[in-house]
Amino acid sequence: AAPANNFQMDYPAILSFGAGYSTGDFDLALDYRRVFYENTEGFEASGWQIGDNGFPTGAVQGFGWQNISVVSFGIQFKGVSKLPLRAGYTYSSSPIQEDLAFFSVPATAVIENAFQLGLGYEISNNWIVDAVFHYGQNNGDTSGPLLDPMQISESNPLGAIPGTTVSYNMKTSMIMAGVTYKFSK
């Protein structure tokens, strides 16, 4: 009988700090986050699962991701009556190690640079409409060799296939809108 696949992924611990400052028509915000993938089940392990027969099964143990830092900055301009204008930027380091890029192909949603533009509109004292446009991209350099468990040897522990490359380039675009209602006393 084949061994049971007990692959599990937990959510990583995240440490966050933030600061904000308001003056007149401007609000500023700065956030820093550290995401701890290296000690999180499913993200910390890497390589192939080994079956009861001592050979790789072809199943992946985990992504082998590194811890990352995320820095975000935002500004809001309130100089136009009932129409706050917003802009933001987020930088995230990549958790993917080059030699393990193959294992992360199914989870390539890693955005390194993200830009946001938004606004709000105060319809009344109770109703507010907000909208934002987001554009994100990675830097396109996440790549590594194709891996094959049948190629594993003492000098090639992951089974890298010589002369091959797997890579990805991700971009995101989205528009979000929301409506807020404030209950009056």
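The values are calculated or read from the model by the stated rules, or taken from the named source; none is laboratory data. Everything quoted here is computed from the prediction, not taken from an experiment. Cβ sites come from the backbone with ideal geometry, for glycine too, and all protein chains shown count toward neighbours. The accessibility values were calculated without ligands, DNA or RNA, using every heavy atom of the protein model including side chains. Shrake-Rupley method; radii C 1.70, N 1.55, O 1.52, S 1.80 Å.
If you go through the stretch 11-42 and pick out every residue that is farther than 16 Å from TYR89 by Cα and in contact with a Gly (Cβ under 6 Å, 6 or more places away or on another chain), you end up with 2.
Conditions (1) within 21 Å of GLY62 (Cα to Cα); (2) modelled with pLDDT of 90 or more; (3) not hydrophobic (A, V, I, L, M, F, W, C), marked per residue:
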{"residue": "TYR91", "(1), (2), (3)": "no, yes, yes"}
{"residue": "ALA101", "(1), (2), (3)": "yes, no, no"}
{"residue": "VAL105", "(1), (2), (3)": "yes, no, no"}
{"residue": "THR108", "(1), (2), (3)": "yes, no, yes"}
{"residue": "ALA114", "(1), (2), (3)": "no, yes, no"}
{"residue": "ALA131", "(1), (2), (3)": "no, yes, no"}
{"residue": "HIS134", "(1), (2), (3)": "no, yes, yes"}
{"residue": "ASN138", "(1), (2), (3)": "no, no, yes"}
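Only one of the numbered conditions (1) among the aromatic types (Phe, Trp, Tyr); (2) closer than 22 Å to VAL70 by Cα; (3) open to solvent by less than 70 Å² (accessible area, probe 1.4 Å) is violated by PHE103, and that is (2).
Only one of these is open to solvent by 30 Å² or more (accessible area, probe 1.4 Å) and in contact with a Lys or Arg (Cβ under 8 Å, 6 or more places away or on another chain): ASN125, ASN156, ASN113. Name it.
Values: ASN156 fails: in contact with a Lys or Arg (Cβ under 8 Å, 6 or more places away or on another chain); ASN113 fails: in contact with a Lys or Arg (Cβ under 8 Å, 6 or more places away or on another chain).
Only one candidate qualifies: ASN125.
Please go through the stretch 83-105 and give me each residue that is part of a helix (DSSP H, G or I) and within 13 Å of PHE43 (Cα to Cα), ordered by number. It would help to see each step written out before you state the result.
The first filter runs over the stretch 83-105 and keeps only residues part of a helix (DSSP H, G or I), leaving 98-105.
Passing the criteria: LEU100, ALA101, PHE103, SER104.
In the stretch 2-14, the qualifying residues are those that are surrounded by 10 or more Cβ atoms within 10 Å (Cβ to Cβ) and either at pLDDT 95 or above or within 22 Å of the chain's Cα centre (by Cα) (or both), and the one that is farthest from GLY64 (Cα to Cα) is ILE14. If I filter the stretch 88-100 down to residues being open to solvent by 40 Å² or more (accessible area, probe 1.4 Å) and without any contact (Cβ under 8 Å) to a residue 60 or more places away in the chain, which single residue comes out as nearest to ILE175 (Cα to Cα)? Ranking the qualifying residues of the stretch 88-100, first place goes to TYR89. Here is the figure for the stretch 72-109: residues that are closer than 22 Å to ALA19 by Cβ, of a type in the set (A, V, I, L, M) and under 12 Å from the mean Cα position of the chain (by Cα) total 0.
When restricted to residues that are touching a residue at least 40 places away in the same chain (Cβ under 8 Å) and either surrounded by fewer than 16 Cβ atoms within 10 Å (Cβ to Cβ) or within 12 Å of ASP99 (Cα to Cα) (or both), the stretch 140-149 contains 6. Restricting the stretch 159-185 to residues that are assigned to a loop (DSSP other than H, G, I, E, B) and in contact (Cβ under 8 Å) with a residue 40 or more places away in the chain leaves a set whose member that is most open to solvent (accessible area, probe 1.4 Å) is PHE183. For the stretch 24-77, the set of residues classified as charged (D, E, K, R), in a strand (DSSP E or B) and open to solvent by 40 Å² or more (accessible area, probe 1.4 Å) consists of ASP31, ARG33, ARG34, listed by residue number.
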